[in-house]
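Following: one structure in structure tokens, then a few remarks.
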Amino acid sequence: PVQMSAALAARRVLAAASHSGSEGGGQPTWKILTIVLAFPGVSVCIANAYMKAQAHSHEQHEFVPYPHLRIRTKRFPWGDGNHSLFHNPHTNPLPDGYESSHH
């Protein structure tokens, strides 16, 4: 309910700003809205991502060789043909398991 009322309040403010800006005087309104709504919203999102990253475990998951995952019907056109383009050896296993099992 609290998030819903905040969303409705923000929608009303944005609607009022868009109607008042029809004669060219809307720039100060949008500048205020950016400072009051956008910057705090982005700050909250950054803080949330940082806290979730701190609580995240960085241990490798157990490798289970499911037959429907990591299917290679054709080699990749780069490297040795077995690693994806953005391969991370700590988080992305190859079809036969992780490259390094230290951790």
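The values are calculated or read from the model by the stated rules, or taken from the named source; none is laboratory data. Treat the numbers as computed from the prediction; the structure is a model and nothing was measured. Cβ coordinates were reconstructed from backbone atoms using ideal geometry, including for glycine residues, and neighbour counts include every protein chain displayed.
Some values worked out for this structure:
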item: Neighbours by Cβ (under 7 Å, 6+ apart or cross-chain): first from the range 35-46, free of Cβ contacts under 8 Å to residues at least 40 places away in the same chain and closer than 16 Å to VAL13 by Cα; second of a type outside the set (D, E, K, R) and in a helix (DSSP H, G or I); result: LEU37/ALA10
item: Some residue of the range 36-50 being at pLDDT below 90 and either among the polar types (S, T, N, Q) or in a helix (DSSP H, G or I) (or both); result: no
item: Flag if HIS83 is surrounded by 11 or more Cβ atoms within 10 Å (Cβ to Cβ), within 26 Å of the chain's Cα centre (by Cα) and at pLDDT 90 or above; result: yes
item: Of all residues making up the range 3-32, the number that are aliphatic (A, V, I, L, M) and at pLDDT 90 or above; result: 1
item: The range 51-73 - residue that is of a type in the set (S, T, N, Q) and at pLDDT below 85 and, of those, surrounded by the most Cβ atoms within 10 Å (Cβ to Cβ); result: GLN60
